[in-house]
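Scroll down for the structure; my scribbles are underneath it.
Read-outs throughout are calculated quantities, based only on the coordinates presented, and are distinct from any laboratory measurement. A quick note: this is a predicted structure, and the numbers were derived from the prediction, not measured. Here the Cβ positions follow ideal geometry from the backbone for every residue, glycine too, while neighbour counts run over all protein chains shown.
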Amino acid sequence: MSALGELSALGRKKPAGQKKDNLAAYLFLSPWLLGLFAITIGPMIASLYLAFTDYNLIQAPEWIGFENFTRMLSDERLHNSLRVTFTYVFVSVPLQLAVALLLAVVLDRGVRGMAFYRSIFYLPSLLGSSVAIAILWRQVFGTEGLLNQVLALVGIDGKGWISDPSTALGTLVVLNVWTFGSPMVIFLAGLRQIPTMYYEAASVDGAGVLGRFFRITLPLLTPIIFFNLVLQIIHAFQSFTQAFVVSGGTGGPSDSTMFFTLYLYDRGFGNFDMGYASAMAWFLLVIIGAFTAANFFASKYWVFYDD
Amino acid sequence: MTTETIRSTVAARRSVGVSWARVRPLVIHVALAASALVMLYPLIWMVVSSLRPGNEIFREPGLLVKDLRIENYRLGWNALTEPFTRYLLNSAAVVLGAVLGNLVSCSMAAYAFARLEFVGKKFWFAIMLLSIMLPIHVVIVPQYILFSQAGWINTFLPLIIPKFLATDAFFVFLMVQFIRGIPRELDEAARIDGCGRAGIFLRVILPLMVPALATTTIFTFIWTWNDFFSQLIYLTDPKMYTVPVALRSFVDATAESSWGSMFAMSVVSLVPIFLAFLLGQRFLIKGIATTGIK
């Protein structure tokens with residue numbers, strides 16, 4: 001069962017009466033608990049406090065109330081970074097999942113060499129977050145890059161895809177779609193769970209390829225689609241490396257690849273404006289939390305559980 | 001309907017599209033092979049280009065190498081303030097620490113969640129699952145302050161110590177799932193033979209959860225090797241740079257002319273990931289299929 005499934009199953013009661021092992025259990029948990037408090041919860045509380053202060057690492061934090069948040073309301077670069085991030089998330093995630101689903105469905109039909117193709121398609125999702133691939137992207141979509149060299153062969157004049165503010169973000173979307181391998185593997189595992197007798201029965205009733213896909217595969221796969229959607233949205237909101245390296249650390253050209261996370265890094269670690277960066281981090285957490293919650297809420301209307 | 005009639009109906013339907021049925025596998029194979037090629041082409045081209053002289057990168061979109069040279073590798077290796085060996089060793093040290101940390105701390109926590117009954121279990125388990133989804137940005141600023149006050153900037157400690165405290169809760173979850181599949185009778189048998197909790201964990205559970213430990217090792221290896229954000233923040237001294245941070249400084253430091261050596265070092269940096277992928281595929285695919293991690 002997935003992490004999301006576990007979380008929603010926690011409410012169910014378990015038979016009581018087992019012998020407790022409190023001491024042993026808490027000893028085994030002690031490294032995790034120490035980490036939880038010292039490296040996760042402690043810093044979370046500290047960052048919530050810092051969000052209400054002006055702090056540059058050198059002088060002591062100064063309490064300024066909601067000033068960081070009111071400043072966010074009038075910060076044009078922040079609004080732009082939100083636009084960039086939302087565009088990226090809502091274009092690249094659906095595209096990535098559509099490609100992943102399409103290939104998973106094709107591979108699931110007992111294609112010979114399926115394991116080979118699965119590996120090939122999976123490989124980019126391991127490499128995609130590396131600096132090396134971001135460097136490759138910088139070249140491929142550059143003015144004299146691989147893409148334009150190939151386009152020139154067929155007589156098309158390309159342009160500097162990365163230096164043009166209207167296409168720079170698009171190259172990052174392509175990069176994210178390129179890493180469709182891991183949701184594809186999850187889809188493949190889900191497709192295995194669908195009993196073949198459903199398909200056989202549908203064939204007998206005269207359903208075609210598309211009919212079977214829309215009436216059987218898609219509805220039965222909705223829990224997996226939902227799971228991938230939640231995961232990839234959370235993931236995409238936090239993208240950093242690719243935009244950072246492709247834009248040479250600037251989020252340019254003209255802030256067109258300035259993700260929220262890049263702007264946060266720029267404020268916090270570029271300008272040591274730690275109070276503002278903390279406020280931004282909490283804002284990001286609220287956004288991600290809200291989208292995840294909205295996703296769970298909406299799932300009641302389209303996710304189909306077969307049990 | 002009897003089985004016979006079902007069979008004949010299905011057969012009848014199939015016979016209608018017999019030519020399509022023959023051609024279809026071929027069409028699918030061609031389509032799959034074409035998309036695989038398009039996906040991998042830039043990668044293969046990067047490897048090939050790194051073996052070509054100087055700025056052919058900007059002129060030669062094909063894959064043929066007329067004049068094979070390892071010049072770019074020699075130049076790239078020494079292009080930054082330290083030889084590239086240094087960055088590789090630094091990355092290796094961070095990866096080794098992170099892998100050890102995750103194996104020890106996550107398996108301990110997973111054993112408690114999967115096998116022991118204790119007060120507050122559900123609560124802590126829920127917290128653990130939620131922590132998987134927590135964005136790093138919410139904790140990075142205070143963590144940075146904490147580690148810099150401890151004098152840990154430009155050491156590998158901020159990258160390794162958290163792993164010994166099971167902050168990668170993904171793996172706790174992955175191992176919990178795995179341990180749940182190990183028959184409880186084995187624990188009971190060991191208990192009757194006089195094993196305590198620690199004995200059961202060390203002698204029964206750990207040896208049986210080797211596949212989960214392998215998955216954890218490979219994912220930790222790949223993620224830590226690729227990790228950029230935290231390494232960028234904590235390592236500012238060129239002597240301490242890991243491979244991703246060094247590569248990134250390459251981008252800043254070099255002009256167009258040294259793309260060849262930049263490609264060469266990028267290829268070098270991807271080799272370990274590629275090897276991990278070849279050796280550990282089985283565990284990687286299983287790992288994401290069961291937990292949905294990236």
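Couple of notes before you dig in:
- Shape call, the stretch A:63-205: gyration tensor on alpha carbons, a/c limit 1.5: oblate
- Ranked packing of B:178-188, B:205-215, most packed first, by mean Cβ within 10 Å: B:205-215, B:178-188
- Leading residue at positive end of dipole, the protein assembly as shown (Cβ point charges), from B:251, A:80, A:113: A:113
- FRET efficiency for the pair residue B:191 and residue A:38, taken as 1/(1 + (r/R0)^6) with r the Cβ-Cβ distance and R0 = 45 Å, rounds to 0.85.
- Each Lys or Arg adds one and each Asp or Glu takes one away; over the other residues whose Cβ falls under 10 Å from the Cβ of residue A:191, this sums to +1.
- Each Lys or Arg adds one and each Asp or Glu subtracts one; over the other residues with Cβ under 12 Å from the Cβ of residue B:211, this totals +2.
- Ranked by how many other beta carbons lie within 10 Å on average, peptides A:177-184, B:217-224 from highest: A:177-184, B:217-224
- Förster-model FRET efficiency, 25 Å R0, residue B:20 and residue A:207, C-beta, rounded to 0.05: 0.90
- What the pair-distance distribution of the protein assembly as shown shows, using all Cα-Cα distances binned every 10 Å from zero, is 3, 15, 24, 26, 18, 10, 3, 1, 0 percent.
- Order of B:29, A:235, B:137 - criterion: other Cβ atoms within 10 Å of each residue's Cβ, fewest first: B:29, A:235, B:137
- Relative contact order (percent, whole number), the stretch B:80-291, Cα cutoff 8 Å, 6+ residue spacing: 34
- In straight-distance terms, cross-link reach from residue A:159 covers every one of the aspartates and glutamates whose alpha-carbon lies under 14 Å from its own, apart from those fewer than eight places away in the same chain; here that gives A:144.
- Long pairs among B:163/B:239; A:20/B:286; B:163/B:286; A:19/A:300, criterion Cα-Cα beyond 26 Å: A:20/B:286; A:19/A:300
- Note: relative contact order over chain A, using C-alpha pairs below 8 Å and six or more positions apart, is 27 percent.
- Within the listed set A:164, A:266, A:21, the Gaussian network model of chain A (springs between alpha-carbon atoms below 10 Å) gives the highest mean-square fluctuation for A:21.
- Working from Cα pairs under 8 Å separated by at least six residues, relative contact order for the stretch B:216-283 is 36 percent.
- Ranked packing of A:216-227, A:199-210, most packed first, by mean Cβ within 10 Å: A:216-227, A:199-210
- Sparsely packed loop sites in the stretch B:61-104 (the trypsin sites (Lys or Arg not before Pro) outside DSSP H, G, I, E and B with at most 13 other Cβ atoms within 10 Å) comprise B:66.
- Total charge dipole magnitude, the protein assembly as shown, about the Cα centre, Cβ charges on Lys, Arg, Asp, Glu only, Debye to nearest 20: 1920
- Over the stretch B:80-291, the pair-distance histogram of Cα-Cα distances with 10 Å bins from zero comes to 8, 29, 31, 21, 9, 3, 1, 0 percent, rounded to whole numbers.
- Of the DSSP H helices in chain A, those whose Cα atoms cover at least 20 Å axially and whose Kyte score averages 0.0 or more: A:76-108, A:114-127, A:218-237, A:274-302
- Theoretical FRET efficiency, 1/(1+(r/R0)^6), r = Cβ-Cβ of residue B:119 and residue A:300, R0 25 Å, to 0.05: 0.15
- In this Cβ point-charge picture (+1 for Lys and Arg, -1 for Asp and Glu), chain B has a dipole of about 920 debye about its Cα centre.
- Scanning chain A for trypsin sites (Lys or Arg not before Pro) lying in DSSP loops with no more than 11 further Cβ atoms inside 10 Å, the longest uninterrupted stretch between such sites is A:113-307.
- Inter-chain shielding of A:36-48 (mean C-beta neighbours from other protein chains, 10 Å cut-off): 6
- For the pair residue B:104 and residue A:115, label points projected 7 Å from Cα toward Cβ lie 3.6 nm apart.
- Charge context of residue A:278, other residues only, Cβ under 12 angstrom, K/R +1, D/E -1: -1
- Shape call, the stretch A:73-302: gyration tensor on alpha carbons, a/c limit 1.5: oblate
- Counting, for every residue in B:156-166, the Cβ atoms of other protein chains within 10 Å of its Cβ and taking the mean gives 3.
- Mean Kyte hydropathy of -0.5 or more with a Cα span along the axis of at least 30 Å, helices from DSSP in chain B: B:18-50, B:84-115, B:259-291
- Spin-label pair residue B:64-residue B:89: with each label point 7 Å from Cα along the Cα-Cβ axis, the two points sit 4.3 nm from one another.
- Per-residue mean of foreign Cβ neighbours for A:234-241 is 3 (Cβ atoms of other chains, 10 Å radius).
- Of the residues B:260, B:173, B:142, the one whose Cα sits farthest toward the positive end of the charge dipole of chain B, with +1 on the Cβ of Lys and Arg and -1 on the Cβ of Asp and Glu, is B:173.
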